[in-house]
1. Considering only residues of segment 1-48 that are among the basic types (K, R) and open to solvent by less than 90 Å² (accessible area, probe 1.4 Å), which is modelled with the highest pLDDT?
2. Restricting attention to segment 83-99, does a residue exist that is touching a residue at least 60 places away in the same chain (Cβ under 8 Å), of a type in the set (A, V, I, L, M) and open to solvent by 40 Å² or more (accessible area, probe 1.4 Å)?
3. Among the residues of segment 34-78, how many are touching a strand residue (DSSP E or B) at 6+ places or on another chain (Cβ under 6 Å), farther than 20 Å from P92 by Cβ and either without any contact (Cβ under 8 Å) to a residue 12 or more places away in the chain or not small (G, A, S) (or both)?
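The values are calculated or read from the model by the stated rules, or taken from the named source; none is laboratory data. Model, not experiment: these values are computed from the prediction. Here the Cβ positions follow ideal geometry from the backbone for every residue, glycine too, while neighbour counts run over all protein chains shown. In case anyone asks, the SASA skips ligands and DNA or RNA and just uses the protein heavy atoms, side chains included. Shrake-Rupley method; radii C 1.70, N 1.55, O 1.52, S 1.80 Å.
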Amino acid sequence: MIRARIAEIDDHDERRRFVRRRVELEAKMRELGASGVEARVLNISESGFMAEAEAQFEVGARVWLMLPGRERANAVVKWVAGDRIGAEFAEPISLEGLARS
């Protein structure tokens, strides 16, 4: 098994267009055409998110992220490290009304 180390997030990283918000949100994720799994979103921005999920996702997979009280959002998995994934939304989303952890 290969383990990857994930660097701490710098909310002011100059390479990022959108600020990441640290959160702990219970959500569901599913790959297109598959059944959903429980997930916990650990950070989110208008352009993407990082989550923990027990399911296996492959880099390049298209997934839906479903947060309570919101419409589902389509995203592409950009990286996988153990039970964590990072994904980029197909279209930017609004973070209005999301609670911080």
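1. Per the criteria, the residue is R40.
2. Yes - at least one qualifying residue is present in segment 83-99.
3. The number of residues fulfilling the criteria is 5.
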